[in-house]
Structures are given as C-alpha cells and as structure tokens.
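Colleague: Once you've had a glance at the structure underneath, I'll fire off some questions.
The values are calculated or read from the model by the stated rules, or taken from the named source; none is laboratory data. Everything numeric in this text was worked out from a predicted model, so none of it was measured. No Cβ is skipped: glycine too gets one built from the backbone with ideal geometry, and neighbour counts run over all protein chains shown.
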Amino acid sequence: MFVLELTYTADLESVEAVLAQHIEWLEEHYAAGTFLASGRKVPRDGGVILAVGGDRAAMEALVATDPFVRAGLTEYRVTEFLATTTAPALAAHRQRLPG
C-alpha cells in the first residue's frame with residue numbers, strides 16, 4: 001500500500017486551473033481500483049492519496065501522469081508501507097509481513 005503526498009509548488013490559482021483534469025485522473029484510478037481515498041491537506045498546500053497496487057517504481061510512474069505533475073504544479077512523496085492491520089472495509093487490502 002502507498003501513501004502519496006502531494007505538495008504544491010505553485011500558487012492555488014494555477015492549481016485551480018488544472019483541478020478538473022486532476023479530478024478526472026483521480027476518478028480514472030478509483031475506477032481501476034488503485035486509489036482508495038484522497039483529499040486536500042489542511043492547510044491547503046497539497047493533498048494525500050491512499051493507493052494500492054504494483055511496486056514502488058510502478059507507483060512513481062503512475063504519479064508522474066498526474067496533470068498537476070505534468071503542469072509543474074506539485075511534487076509527490078511516495079511512501080510504501082505494509083497494511084497488516086486494516087478496518088473491515090479494507091480487509092481485501094491487508095498485507096502480510098515478508099518471511
């Protein structure tokens with residue numbers, strides 16, 4: 001599982017101009033089952049996405065396709081973790097420790 005943390009590198013006016021494209025990108029990956037949750041950070045200096053699937057390299061390649069990244073408006077911090085304990089609603093995404 002991955003925590004994808006976005007940090008804006010541009011002003012909010014520039015971010016707002018690309019927001020509709022970013023939302024379409026999010027919806028595409030929700031439909032594919034890759035994204036589980038997302039939202040704005042408070043204060044609004046970026047966002048967070050909870051994602052599943054693939055390995056770190058695949059996830060880094062995926063975030064590079066975000067319209068915010070393509071427009072030079074944000075940077076991503078990709079954090080991989082093993083979700084060994086989850087709420088019942090996320091049980092399908094529980095992971096086991098290696099070994």
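Colleague: Would you confirm whether any residue within region 57-80 is modelled with pLDDT under 95, loosely packed, with under 11 Cβ neighbours inside 10 Å, small (Gly, Ala, Ser) and in a helix (DSSP H, G or I)?
Modeller: Within region 57-80 (the criterion being modelled with pLDDT under 95, loosely packed, with under 11 Cβ neighbours inside 10 Å, small (Gly, Ala, Ser) and in a helix (DSSP H, G or I)), the answer is no, since none of the residues qualifies.
Colleague: Look through 33, 39 and report the one residue that is modelled with pLDDT of 95 or more and assigned to a loop (DSSP other than H, G, I, E, B).
Modeller: 33
Colleague: Just need a number here: residues in region 1-23 that are touching a residue at least 40 places away in the same chain (Cβ under 8 Å), part of a helix (DSSP H, G or I) and of a type outside the set (A, V, I, L, M, F, W, C).
Modeller: Result for region 1-23: 3.
Colleague: Pick from 45, 66, 55: which is within 11 Å of the chain's Cα centre (by Cα) and of a type in the set (D, E, K, R)?
Modeller: Residue meeting the stated conditions: 66.
Colleague: Can you tell me how many residues in region 65-89 are of a type in the set (A, V, I, L, M, F, W, C), closer than 30 Å to residue 18 by Cβ and out of contact with any Lys or Arg (no Cβ under 8 Å at 6 or more places or on another chain)?
Modeller: Adding up the residues that qualify gives 5.
Colleague: Under the condition of being surrounded by 11 or more Cβ atoms within 10 Å (Cβ to Cβ) and touching a residue at least 40 places away in the same chain (Cβ under 8 Å), which residue from region 81-99 is farthest from residue 7 (Cα to Cα)?
Modeller: 95
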